[in-house]
Amino acid sequence: MLEAYGIEAREFLPKRVDELSRQFDFQYTGLRVKNQKTRWGSCSSRNHINLNLQLMRLPDHLIDYVILHELTHTKVKNHGVIFWSELARVFPQYQIARKEMKRYAIGF
């Protein structure tokens, strides 16, 4: 099953990151999709985004939440007030999605 998620994730996620980055004017330097044990995604100090292939188990709106969360880190590198304000601009229902994410565990 993990292999199927990997195939699907490597097809879908790069396209979706590109769409959302263009739509909301985010700049990222690269994208890697891999099986991570503890994180849904991350953004490096150089704006390189990593996404967990297990995102494919989530509903589409939560995938978008994680992608937009990481893209927001390309502009704001912390979780301060400015970060949440910027995330709210691009994903107004982020607070609901953030709570909903707690229902999902990484791993099988």
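The values are calculated or read from the model by the stated rules, or taken from the named source; none is laboratory data. A quick note: this is a predicted structure, and the numbers were derived from the prediction, not measured. Glycine gets a Cβ as well: all are built from the backbone with ideal geometry, and neighbour counts include every protein chain shown.
Points worth noting:
Matching residues to (1) of a type outside the set (Asp, Glu); (2) exposed (fewer than 12 other Cβ atoms within 10 Å of the Cβ); (3) in contact with a strand residue (DSSP E or B) (Cβ under 6 Å, 6 or more places away or on another chain); (4) within 22 Å of LEU2 (Cα to Cα):
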{"position": "PHE26", "(1), (2), (3), (4)": "yes, no, no, no"}
{"position": "THR38", "(1), (2), (3), (4)": "yes, yes, no, yes"}
{"position": "LEU51", "(1), (2), (3), (4)": "yes, no, yes, yes"}
{"position": "HIS61", "(1), (2), (3), (4)": "yes, no, no, yes"}
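- Of all residues in the range 30-49, those satisfying the criterion of being of a type in the set (S, T, N, Q), free of Cβ contacts under 8 Å to residues at least 60 places away in the same chain and over 12 Å from HIS69 (Cα atoms) are ASN35, SER44, SER45, ASN47.
- Meets criteria (of a type in the set (D, E, K, R) and modelled with pLDDT of 95 or more) for LYS15: yes
- Qualifying residue in the range 65-80 (condition: among the aromatic types (Phe, Trp, Tyr), closer than 20 Å to TYR104 by Cβ and within 12 Å of the chain's Cα centre (by Cα)): yes
- Index of the failed condition, CYS43 passing every other in (1) in contact with a Phe, Trp or Tyr (Cβ under 6 Å, 6 or more places away or on another chain); (2) more than 17 Å from LYS102 (Cα to Cα): (1)
- Which numbered condition TYR5 fails, given (1) modelled with pLDDT of 95 or more; (2) buried (at least 16 other Cβ atoms within 10 Å of the Cβ); (3) closer than 17 Å to GLY107 by Cβ: (1)
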